[in-house]
Ligand SMILES: N[C@@H](CCC(=O)N[C@@H](CS)C(=O)NCC(=O)O)C(=O)O
């Protein structure tokens, strides 16, 4: 088993944090996004999407998509639970994880993809769409600040995959100058707490 990883990219970080929280050690193989190794025919034969992270099982099965990889390890190593503990809780964690992905993580990565010179010539860029996403992301950080007024973590009282998705998205915002504002005290408190967990360094 191994995971194709990129130390600088936000989606692979989601999986690294998830595994660190569970204390699971899997060998990582770095794939160089800068030189386009992830888009090579060799890598695409493993994952036609050309994206990271990618989990390769011992039987040769390839599992892409960060949440799918996390789901695999949640099933094989249930403790500590990061995707909910019973039917209601699992549904709530999934709701918040999806919201963090759709409303925070993806808008922030869309700003990078559409506005940053790194992607020039790699993908069709629409800077105006990037700016729409910037406003969306900034609005969503304000919304999260309000949400965290009466709960410790995104999905309630327990750290979960929803916190991991939000943390990786928000931290990646820095490269596009999207940041938590000083007056957003609840979000600042949450960010300090989740960033101080040892897993955040994974
Ligand atoms: N939906 C996928 C997204 C994966 C993805 O877009 N990964 C980025 C790194 S954060 C990537 O491989 N980008 C390289 C590229 O687009 O060339 C997931 O959840 O894992």
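Kindly check whether there is at least one residue in segment 148-159 that is touching a strand residue (DSSP E or B) at 6+ places or on another chain (Cβ under 7 Å), surrounded by 14 or more Cβ atoms within 10 Å (Cβ to Cβ) and within 21 Å of residue 180 (Cβ to Cβ).
Yes, the conditions are met somewhere in segment 148-159.
Within segment 6-22, can you find the residues that are in contact (Cβ under 8 Å) with a residue 40 or more places away in the chain and either surrounded by fewer than 14 Cβ atoms within 10 Å (Cβ to Cβ) or within 10 Å of the ligand (Cβ to nearest atom) (or both)?
6, 9, 10, 11, 12, 13, 14, 15
So which helices (runs of 4 or more DSSP H) are wholly in segment 27-127 and hold at least 2 residues that are at pLDDT 95 or above, within 10 Å of the ligand (Cβ to nearest atom) and touching a strand residue (DSSP E or B) at 6+ places or on another chain (Cβ under 9 Å)?
66-76
The values are calculated or read from the model by the stated rules, or taken from the named source; none is laboratory data. None of the values given here were measured: they were computed from a predicted structure. Cβ sites come from the backbone with ideal geometry, for glycine too, and all protein chains shown count toward neighbours.
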